[in-house]
Structures are given as C-alpha cells and as structure tokens.
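Below is one structure; the comments refer to it alone.
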Amino acid sequence: MSLDLNSTAAQIESMVVDLQARQGERVRRVESAFIALNEFQLDRYLDISNESQGGRYRIVPEILEHPSSVYKPDLPPGNFRVVSSDGSHIEVDRHLAVRCFLINVGVSALTYGDYPNATLYSVPRLYAAQEDLVISEIATGRQQSIEGAVLGAKRAVAEVSILAEEASGLDSNTPSIYLVDGSLVMMGLVGHGYHDFVLRELIEDGFIKSMNHIRDFSENRSFGLASYISMPAHSDVVNALNVTGCVYPIKDSNLRCDNSSFSTNPCEKCISGVLDRDIFWKLLKPGERSSVFGVNSPVVENHYLGTGITFFYVNVGTEIGRVEMPSWVSDNRSSLDLVHSLIVDQCERGRGYPVALMEAHEQAVVGVSDRRNFVQLVEQVLHKKGSDVYTSEKARSKRLRWL
Amino acid sequence: MDASADNGNRSSDLVGVSKGNYASTISPFGEIVEASTTYLLAQCHRLYAAPSLGDLVRTEEDSTAFSVVADVSTKSIDPSRRPLAMSQGEDTVDDIYNRHPQISRLLSTEISLIVVAHKADGKLFRYLSPVPTKIHAQVSICQFEEVRELTMSLEFLSVLITSSVGSPDDVVAAFLRTASVSHPDPKKFLVDAGKHIAAILAGDVHRLNALLRRIS
C-alpha cells in the first residue's frame with residue numbers, strides 16, 4: 001500500500017494553520033533580532049564570553065568584529081579553478097549475505113577562463129575486510145564498528161582526502177578553491193560516547209590530516225578550502241545576540257525561551273527561535289558576505305590540532321548560505337576574498353547553489369536502483385565463486401512482495 | 001579535453017576529408033552502445049563530432065559492418081537531467097559552453113545507423129551480417145574508395161527506404177548525393193539510383209517523385 005495521502009493531507013492542513021498562527025510572532029522576533037544585530041555591543045559580548053570561558057555558553061561563536069559588518073565580493077580572477085567532492089554510501093546491511101559497506105566519492109574539477117575544462121568522476125570503494133569494518137585501538141584491543149554516525153564521518157574523511165589528492169596534482173598557479181558540502185565541524189560524532197581513539201583516527205589522523213595536506217600543497221598559491229551549507233539552520237549569531245540582549249539572567253534564558261517554536265513569549269524582545277539566516281537575509285544584499293565568526297565547539301578545540309573553524313554568511317541571490325573554512329584560510333585575507341568571490345560566482349552559475357558541488361553530488365549519488373544492483377552484484381559474485389548466498393527472511397519478503 | 005574544442009562540429013572535424021564527406025584516413029569518431037543485426041546506436045567520442053545524415057560508416061571487429069547514418073541526436077547522458085536554457089542576453093552558444101564547462105561532459109551526441117552491408121574474409125556482401133556488431137566496437141567514417149565499392153550496386157537501397165529510423169527519404173537522398181561524388185560520373189550514378197528507387201516505390205508515385213526531387 002502506498003501512503004494514505006487523504007489522511008496525511010488533513011494533518012498537513014492543520015500544520016499549516018498552526019504555522020500561520022505563529023507567523024506574526026516570528027516576524028516580530030526576526031525584526032527584534034535584526035535590531036539587536038545592529039545595536040550589538042561587541043565589548044560587552046567579549047566581556048561575557050571571557051567570563052564564561054570553559055563554562056556553559058560554548059554554543060555562541062567567537063566574534064572578532066561587529067556582526068553587522070558587510071563585505072562586497074571581489075570580481076573573480078580571469079582564470080580560476082573550483083574543485084568539489086561529495087560522498088554517498090551504502091550502509092552495512094545485516095540482511096545482506098556479506099558484511100560490507102561502500103563509500104562513493106564524486107569529484108568535479110571545473111576550470112574557468114581562457115581554457116575552460118571540466119573533469120567529473122567518482123571513486124567507489126568497498127570495505128569488506130574484517131579490519132576495514134572497524135576502528136581498532138591496538139593498545140587496548142577496543143574496537144568500534146563503522147556504521148551510522150561513524151560511517152558518516154568516515155565518508156567526510158574520504159571526501160576531504162580526495163580533495164587533498166586533487167590538490168597534490170595541481171601543477172599551475174591558477175587561483176583555486178576546494179569545496180565540500182556541509183559542515184567542517186564533525187558534530188555527528190559528538191554526544192554519542194565514542195571513545196577517544198575513534199575521534200583520533202577519524203578527525204585528527206583523517207579529516208584534519210587531509211585538510212593540512214591541502215594547506216601544505218597550497219602554500220604560496222592563491223587558494224582556498226571551504227564547505228558550503230545551503231539553507232543553514234544554525235543560530236550561533238542569534239545566540240550571541242541573546243547573550244547580550246536577553247532581559248533574563250543568562251542562566252535562566254535557555255530555560256524560559258522556547259528555541260524550537262514561537263508559541264511562548266517570555267519577554268518583549270525575545271529572539272529565540274530566530275535563525276542566523278533570517279537576520280542575514282535582511283542585512284546582506286546579493287553577493288555580500290557577513291563578517292567572519294569563529295566556531296566555539298569542544299570537538300574543534302580538542303581534536304582539530306590547533307586549526308580553528310570559521311564561518312561567514314553570504315547572500316547568493318536566492319538564499320543565505322553558510323561558508324565554513326579552516327582558520328588558515330580566513331586568516332589570509334586574499335584567500336578569504338577568493339572563497340567569497342568564487343562561491344558567489346559558483347552560485348550564480350549554478351542557479352543558487354555552487355555548480356561544482358552540484359556536479360560532485362551527481363557523480364556521488366547512489367540511487368535506489370544502484371543499491372539494488374549492488375546487492376544483486378554481491379550475490380551474483382558470491383554465487384559464482386561457490387559461496388553460500390543467504391539473506392534474511394525479512395529482506396526476501398520485501399523482494400517477493402507476494403499476495 | 002578542452003571544452004570549447006568539444007563544441008566543434010561536423011564530420012570535417014573528425015577526419016581528413018578528401019571528397020564529399022568521406023575520409024582519406026580512418027579515424028574512429030565513436031563507439032557502438034546498442035546493437036542488433038539491423039540497427040546500431042553509436043555514441044560520439046566528442047560532443048557534436050558526428051558524421052552527417054546519410055554518410056556511410058564502418059564498424060571494425062571480426063568482420064566489417066557498413067551502415068548509413070539515419071539520425072543524429074545530442075542529449076543529456078542522464079535521462080533524469082534535462083538541459084535548461086542558459087543564455088544571458090547576448091550570449092553565443094560558445095559563451096555558454098565556456099561559462100559552464102561541465103555541460104560538454106554531461107551531453108552526448110549519438111547517431112542511429114542502419115546496417116546495409118558487411119565484409120568478411122575480404123569479400124563484400126550487400127546484405128546484413130548474420131551476427132550483430134559488438135557493443136563498444138569503434139565506428140569510423142568510410143574511406144572514399146569503400147563508398148564507391150559499396151555503391152557499385154544499389155541492391156541494399158530497399159533496406160534504407162523501408163527503414164523506420166529517422167526520416168528514410170531524407171536519409172536515402174543524403175546518402176546518394178554524397179555517394180555520387182565517389183563515382184567518375186556522379187550524374188549517371190544518380191540516374192541509375194533513381195531507376196532503382198522507381199522499381200522499389202512503383203506503387204507510391206507521390207513518394208517516388210518527392211524522393212527523386214531530393215536527389216536531382
């Protein structure tokens with residue numbers, strides 16, 4: 001049976017009515033947040049941040065200049081290159097006859113200017129050996145299965161690692177940026193109780209090592225590395241505005257304000273529930289970026305080996321995007337300007353989304369039919385080589401769908 | 001590969017042209033991606049680098065199959081992704097390809113081929129090969145001499161006329177016009193071809209007249 005759309009439609013209607021009822025309050029809060037952004041007292045914020053160092057206010061970003069600062073993009077250089085990677089994976093499936101997972105990384109390398117060119121490819125890698133399926137700590141013998149969030153992190157490592165390979169092959173001084181999709185902060189690993197050896201292998205020996213390779217290859221070149229988040233749901237800057245603007249004592253504000261909806265109204269100037277993109281959509285004109293903020297996160301502080309992660313918001317014409325970079329990119333003004341300029345240009349070419357990322361995604365994507373073919377191929381090869389091919393009764397019943 | 005180079009066109013980009021559309025040297029321009037004994041589909045190595053409608057091409061493997069270009073098309077390699085209009089004001093086609101170099105990698109030029117003859121053990125047979133060409137066989141435009149040899153007799157014309165691929169009458173007319181220049185007396189070749197066609201289309205005077213007008 002397919003989804004009962006009649007029943008669902010009634011619930012959707014009720015959802016929309018509820019949403020519209022809160023729209024007025026939402027508009028008011030966005031307006032308040034925008035005023036708070038313009039009236040933001042940086043000195044007061046720095047004082048509070050310093051007082052709470054190591055305390056409970058880590059969700060607020062590092063702010064180095066006034067958050068209402070606005071920067072226009074430079075014109076892109078005459079010749080430049082944008083290299084992107086994106087990944088997709090097939091999880092370990094306990095219904096499959098063999099335990100394995102697959103990571104497919106897609107790459108697009110687009111060259112613009114006098115010699116336009118495009119290279120599009122994907123690199124699928126199957127992990128099936130016993131040692132490939134776990135992360136081990138030799139000293140203690142502890143192991144962590146690679147699935148769920150850990151597999152997601154391993155995929156992120158593969159995406160950056162392939163960009164490092166691309167960067168190592170760069171033989172010209174053409175200005176280049178390297179782009180990945182999503183966040184550079186591996187938040188997926190936080191709060192799940194993963195052991196330190198897991199975080200070390202994935203973040204320090206994987207993600208950061210590859211990022212540092214890219215940095216080393218890029219020395220003395222016009223160069224940038226960044227990630228792009230479309231329609232970001234972050235509220236880091238709004239949290240910072242709350243720190244200085246909320247009428248309640250800071251320790252109470254998180255309890256009193258409802259971050260997830262606009263149904264409560266604890267104070268007249270409440271801005272909880274507002275997203276960063278809401279206020280930057282009001283602040284930034286097409287092409288402009290915000291000032292640069294620093295990510296304040298224990299995972300960055302403890303595992304990024306001194307590399308900070310910074311971000312800015314940018315109006316790409318149709319939406320606000322969030323661009324994250326290693327601090328060694330944002331610390332270098334020409335690299336920062338190159339990233340800004342080329343992301344705006346990429347979004348213009350890609351109708352609102354970086355075209356290089358779109359093409360990397362197209363190369364990486366593993367669709368439903370690909371997954372089915374993958375399972376069939378595994379079973380065929382097992383059968384050919386004389387191995388037992390078995391599957392769970394549940395998987396078999398899904399395939400047969402008998403009457 | 002240079003994307004702007006990919007935007008080249010016509011068969012003259014494929015191979016050295018000696019007379020008409022036909023080549024003095026063999027250089028593969030594409031590869032078979034779909035095959036039956038009567039019909040072949042080839043994908044060009046370079047975007048838009050296809051031979052012309054009616055050109056004679058060859059596929060080389062154990063035996064040589066000869067076929068005629070019946071249709072040329074360029075489309076997205078991914079059926080779920082359609083090209084969208086991209087022009088900004090006064091952009092030329094080249095401007096668009098230069099601004100979006102990935103396009104050349106995401107489009108593909110394909111040619112539909114009607115098989116008309118084959119060669120085995122050095123002998124030419126003007127009828128279908130008993131087995132189809134293999135997928136991934138290379139396709140080249142025929143040399144001038146091969147066109148003349150094949151068209152010394154036109155008994156295979158009925159295959160082209162009765163084909164349902166592309167627009168058969170345009171294919172036949174284009175094929176005969178370009179093949180005629182490989183003969184010492186092109187006019188006589190076309191008159192003889194007209195007689196062949198008249199015999200095949202004896203019961204369809206309207207179509208016969210229309211076709212004869214196209215080759216005259």
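The values are calculated or read from the model by the stated rules, or taken from the named source; none is laboratory data. None of these values were measured; they are calculated from a predicted model. Heads up, the Cβs are rebuilt from the backbone with ideal geometry, glycines too, and the neighbour counts pull from every protein chain shown.
General remarks:
- Pairs with Cβ under 9 Å, 6+ apart, first in region A:165-192 and assigned by TED's automatic domain parsing to the domain that holds A:M325 and at positive phi, second of a type in the set (S, T, N, Q) and modelled with pLDDT of 90 or more: A:G182/A:S227
- Criterion applied to A:Y45, A:Y115 was being hydroxyl-bearing (S, T, Y) and either closer than 30 Å to A:E166 by Cβ or in contact with an Asp or Glu (Cβ under 8 Å, 6 or more places away or on another chain) (or both), and the one residue passing it is A:Y115.
- Index of the failed condition, A:M231 passing every other in (1) of a type outside the set (V, I, T); (2) at pLDDT 95 or above; (3) at negative phi: (3)
- Filter pass, B:E61 being in contact (Cβ under 8 Å) with a residue 12 or more places away in the chain, surrounded by fewer than 17 Cβ atoms within 10 Å (Cβ to Cβ) and either of a type outside the set (S, T, N, Q) or in contact with a helix residue (DSSP H, G or I) (Cβ under 8 Å, 6 or more places away or on another chain) (or both): yes
- Within region A:91-114, the set of residues being in a strand (DSSP E or B) and over 30 Å from B:Y97 (Cα atoms) comprises A:F101, A:L102, A:I103.
- Whichever residue in region B:71-127 is among the β-branched types (V, I, T) and surrounded by 15 or more Cβ atoms within 10 Å (Cβ to Cβ) and, among such residues, is farthest from the other protein chains (Cβ to nearest Cβ): B:V116
- Residue ID - farthest from the other protein chains (Cβ to nearest Cβ), chosen from residues in region A:337-381 that are within 16 Å of A:E319 (Cβ to Cβ) and surrounded by fewer than 18 Cβ atoms within 10 Å (Cβ to Cβ): A:G352
- Complete set of residues in region A:98-134 that are within 20 Å of A:E147 (Cα to Cα) and either crowded, with 20+ Cβ neighbours inside 10 Å or of a type outside the set (A, V, I, L, M, F, W, C) (or both): A:R99, A:F101, A:I103, A:N104, A:V105, A:P124, A:R125, A:Y127, A:Q130, A:E131, A:D132
- Within region A:82-114, the set of residues being within 26 Å of the chain's Cα centre (by Cα), more than 24 Å from A:R372 (Cβ to Cβ) and within 14 Å of chain B (Cβ to nearest Cβ) comprises A:V82, A:V83, A:S84, A:V107, A:S108, A:A109, A:L110, A:T111, A:Y112.
- Yes/no for A:S32 being outside the structural domain of A:L225 (by TED's automatic domain parsing) and either of a type in the set (G, A, S) or farther than 27 Å from A:S335 by Cα (or both): yes
- Residue within region A:202-221 that is aromatic (F, W, Y), in a loop (DSSP other than H, G, I, E, B) and either at pLDDT 90 or above or surrounded by fewer than 16 Cβ atoms within 10 Å (Cβ to Cβ) (or both) present: no
- Conditions (1) within 14 Å of chain B (Cβ to nearest Cβ); (2) within 30 Å of A:P232 (Cα to Cα): number failed by A:T174: (2)
- Tally, over region A:115-142, of residues that are without any contact (Cβ under 8 Å) to a residue 40 or more places away in the chain, within 14 Å of chain B (Cβ to nearest Cβ) and in a strand (DSSP E or B): 2
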